[in-house]
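Q: What follows is a single structure, and I will ask about it in a moment.
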Amino acid sequence: MDIRVINAPIQAVDADAIIVNLFEGVQRPGGATGAVDAALRASDAGEGLISQLIRLGDFKGKLNEVAVLYTQGRIPAPRVIVVGLGKANEFTLDRVRQASATAFRKAQSLGCRRVATIVHGAGIGGLAVREAAEATVEGALLGTYRFDEFRAEPDEGRIALGLVVEFDAAKLADIEAGAERGRFLAEAVNTARTLINRPPNVLTPAAFAEFAQDLAQRVGLRCTVLDETEIAAQGMGGVVAVSQGSQNPPRFVILEHAPQHAEREAPLVFVGKGVTFDSGGLSIKPAESMPDMKADMAGAAAVLGAMQAVAQRNVPRRVVGLIPLVENMPDGRAYRPGDVIRLMSGVRVEIVSTDAEGRLILSDALHYAKRYAPAGVVDLATLTGACIIALGERVAAGLFANRDDWAEQVLRAADAAGERLWRLPLYADYGEKIRSEVADIKNSGGRFSGVGSSAYFLYRSVEGEGEYPWAHVDMAGMMFSAENKGYHVKGAMGYGVRTLVYLSERYSR
Ligand code: BES
Ligand code: MN
Ligand code: ZN
């Protein structure tokens, strides 16, 4: 969908549908919704169609409630989509994203090609115009996303053009700016979703790396890709071990956004777990839990998406993305339970489960990050089933950090993004769980405290010389959305992109 901002009264716009809104409990629509209502009267003395809808009690204005009205030639657009914003005193930017997504998805399901919307929340909602426009566009693009690369006949057409309509010319510049920022952000989330949705026979480590290289060139990021020989030469024993059972060789992607004035500043570093398929390796997973494991690169996809938006939104800070990519497979050359490997950090690891592979490749990347003397590091990983047990599926991701102030900043960014994140403790007790009899540590601490001991495993490559402010996000429960709801669509969620982008725009050291 292309996005265009135009200066007009919404009721005069020629489109397949126009979108207006209502807060819960409003009896007489005001603003743009009121103007549309007035235009939808049969005569000057008559009642508007929206007023009638309210009077009949058929529309309450609850968040994400939608009604479609047919305009019988009273205005150029044949349809008016009314979307509920919920209670005025509970209104937030995230609700703008949701309502906009719901309305646009409704329009798309009706086969509309050209859809016009007002900016939600800038009037009575009291939000800043630029942010309201940003959230409106973000919602529109997130809510209408579809993954149909492998279908001969996609269900319905897609909306070709989204018009953001504003009557007051004085607001146009802010709306333009906001609309573009919203588009950049939503497109980046959709990049992540597409990579996660792609099947694992197509999205191999090499294919992911190539995609990253093309994207980097398009949006203006520096990009270096290490192949299997270079990875081994770097001493990345975790990446080497996990990938050696696969026919698809590993890659290590390094992305950098360095605006001129910030070229030498200590960067923010994002690290993403990129397991393009996790069979469990020789510690093989049960068949039922394997299909979802094409999404075991959701952390990597979030980091790439975030880097895309960071570049496009011209974030005035230096930001680095590190993405280790492997496929975890059982094979004659696969690493085994019982093996002892050496990570890039020098830590030697006894492998007790080849299914605890994420922490091995992430540890190498977290050690690699030290060369940047980062201002802060965040890693994102679909790391443990235990995190889903702790916090629930599609409920929240878990956060671990070695510093409270850094944890706070990440939590605040997640909150603004509407991405649920909940801090869990990094108690030294978890370190006890991964003590090994034969090596420095082992790669699994067993069934209890599984999420904490995995975080502590990562911390072993962060602590000590060159230790930086570090946050680890276990997003195992946030791979997929089960339904179309608000700006979520069935399939990959694209969790984490918006949190990272907001963090890069707001953090202080
Ligand atoms: N990728 C999985 C974690 C996962 C499981 C993510 C389910 C999303 C849904 C990870 O590599 C894994 O297999 N973890 C093991 C660790 C265990 C062997 C210590 C787990 O959670 O069971
Ligand atoms: Mn695994
Ligand atoms: Zn995994």
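Q: Name the residue from THR384, GLY477, GLN260 whose Cα lies farthest towards the positive end of the charge dipole of region 187-506, charges +1 on Cβ of Lys and Arg and -1 on Cβ of Asp and Glu.
A: Highest projection toward the positive end goes to GLN260.
Q: Can you order the peptides 187-200, 209-222, 86-99 by their average number of other Cβ atoms within 10 Å per residue, highest first?
A: On the way: 187-200: 23.4, 209-222: 17.1, 86-99: 20.2.
Highest mean packing first, the order is 187-200, 86-99, 209-222.
Q: At q = 0.11, 0.16, 0.17 Å⁻¹, what log₁₀ I(q)/I(0) does a Debye calculation on the Cα points of region 2-169 give, no solvent, two decimals?
A: Debye output, listed in q order: -0.41, -0.86, -0.97.
Q: Once you keep just the Cα pairs under 8 angstrom separated by 6 or more residues, what percentage relative contact order results for region 2-169? Walk me through the numbers before you get to the answer.
A: Details: 345 pairs, mean separation 52.0, N = 168.
31 percent.
Q: If you don't mind, another one. Please give the FRET efficiency for ARG222 paired with GLU432, using the beta carbon to beta carbon distance and R0 = 45 Å, rounded to the nearest 0.05. Write out the running numbers ahead of the final one.
A: Details: r = 41 Å, r/R0 = 0.91.
In this case the efficiency is close to 0.65.
Q: Here's another thing I want to ask about it. With r defined as the distance between the Cβ atoms of VAL395 and GLU47 and R0 fixed at 35 Å, what FRET efficiency is calculated, to the nearest 0.05? Intermediate values should be presented prior to the final figure.
A: Values: r = 44 Å, r/R0 = 1.26.
Given R0 = 35 Å and the Cβ-Cβ separation, E is 0.20.
Q: Another question about this same structure. Quick one: grab the alpha carbon gyration tensor of region 359-509, order the square roots of its eigenvalues as a ≥ b ≥ c, and give me rounded if a/c is under 1.5, else prolate or oblate depending on whether a/b is larger than b/c. Working shown, then result.
A: Details: a/c = 2.09, a/b = 1.28, b/c = 1.64.
Since a/c reaches 1.5 but b/c is at least a/b, the shape of region 359-509 is classed as oblate.
Q: Could you work out, for region 416-484, what percent of all Cα-Cα pairs fall into each 10 Å distance bin, beginning at 0 Å and stopping at the bin that holds the largest distance?
A: Per 10 Å bin, starting at zero, the Cα-Cα P(r) for region 416-484 comes out as 17, 42, 28, 11, 2 percent.
Q: To continue, here is another question. Apply the Debye scattering formula to region 215-287, with a single equal point scatterer on each alpha-carbon and no solvent, then give log10 I(q)/I(0) at q = 0.12, 0.23, 0.27 Å⁻¹.
A: Here the Debye-derived log intensity ratios amount to -0.47, -1.12, -1.29.
Q: Which value, in debye to the nearest 20, describes the size of the charge dipole of region 2-169 about its Cα centre when Lys and Arg Cβ atoms bear +1, Asp and Glu Cβ atoms bear -1, and nothing else is charged?
A: On the way: 19 positive and 21 negative charges, 51 e Å.
The dipole magnitude comes to about 240 debye.
Q: Express the carbon and sulfur contribution to the solvent-accessible surface of region 2-169 as a percent, rounded to the nearest whole number, probe 1.4 angstrom.
A: On the way: 3470 of 7240 Å².
Carbon plus sulfur share of accessible area: 48 percent.
Q: Distances over 20 Å make up what percent of all Cα-Cα pairs in region 319-403?
A: Details: 1677 of 3570 pairs.
For region 319-403, the share of Cα pairs beyond 20 Å comes to 47 percent.
Q: When the helix-only estimate is applied to the chain (DSSP H runs of n ≥ 4, each -39,500 (n - 2.57), divided by the residue count), what is the mean residue ellipticity at 222 nm, nearest 500 deg cm²/dmol? Intermediate results must be reported in sequence, preceding the final value.
A: Working: 15 runs with 175 residues, N = 509.
Helix-only estimate at 222 nm: -10500 deg cm²/dmol.
Q: Once you have a ≥ b ≥ c as the square roots of the Cα gyration tensor eigenvalues for region 45-87, tell me rounded if a/c is under 1.5, and otherwise prolate or oblate according to whether a/b is larger than b/c. Numbers along the way, then the final one.
A: Working: a/c = 2.87, a/b = 1.47, b/c = 1.95.
The shape class here is oblate.
Q: Excluding residues fewer than 8 places away in the same chain, name every one of the lysines whose C-alpha is closer than 21 Å to that of LYS273.
A: Cα-Cα hits under 21 Å: LYS285, LYS294, LYS370, LYS442.
Q: Which angle between 0 and 90 degrees, to the nearest 10, do you get for helix 497-506 versus the longest principal axis of the chain when only C-alpha atoms count?
A: Taking Cα atoms only, the helix is inclined about 90 degrees.
Q: List the relative contact order of the chain as a percent without decimals, with contacts defined as Cα pairs under 8 Å and 6+ residues apart.
A: On the way: 1238 pairs, mean separation 72.8, N = 509.
Relative CO of the chain lands at 14 percent.
Q: Can you give the three extents of the C-alpha atoms in region 17-57 along their principal axes, from longest to shortest, in whole Å?
A: Answer, in whole Å and largest first: 27, 22, 17 Å.
Q: Quote the charge dipole size of region 268-389 about the Cα centre in Debye, to the nearest 20; the model charges only the Cβ of Lys and Arg (+1) and of Asp and Glu (-1). It would help to have the intermediate numbers written out before the result.
A: Details: 13 positive and 12 negative charges, 138 e Å.
Here region 268-389 has a charge dipole of around 660 debye.
Q: Could you name the aspartates and glutamates whose alpha carbon sits less than 17 Å from that of LYS60, not counting residues in the same chain fewer than 8 places away?
A: Cα-Cα hits under 17 Å: GLU24, ASP37, GLU90.
Q: Specify, per residue and in Å³, the volume enclosed by the convex hull of the alpha carbon atoms belonging to the chain.
A: Values: hull volume 74.3 nm³, N = 509.
Hull volume normalised by residue count: 146 Å³.
Q: Take the Cα pairs of region 69-164, get the Kirkwood Rh, then feed it into Stokes-Einstein at 37 °C and 0.692 mPa s and tell me D in µm²/s. Intermediate values should be presented prior to the final figure.
A: Working: Rh = 14.2 Å.
Estimated via Stokes-Einstein, D reaches 231 µm²/s.
Q: How many percent of the accessible area of region 187-506 is carbon or sulfur, using a 1.4 Å probe?
A: On the way: 5490 of 11900 Å².
Ligands and nucleic acids excluded, carbon and sulfur give 46 percent.
Q: May I pose another question? Solvent-accessible area per residue for the chain at a 1.4 Å probe radius, Å²? Write out the running numbers ahead of the final one.
A: On the way: 20150 Å² over 509 residues.
Result: 40 Å² per residue.
The values are calculated or read from the model by the stated rules, or taken from the named source; none is laboratory data. The shown structure was predicted, so the numbers you read here are calculated from the model rather than taken from an experiment. Positions of Cβ are backbone-derived with ideal geometry, glycine not excepted, and every protein chain shown enters the neighbour counts. Side chains are part of the model used for accessible areas, which takes the heavy atoms of the whole protein and leaves out ligands, DNA and RNA. Shrake-Rupley method; radii C 1.70, N 1.55, O 1.52, S 1.80 Å.
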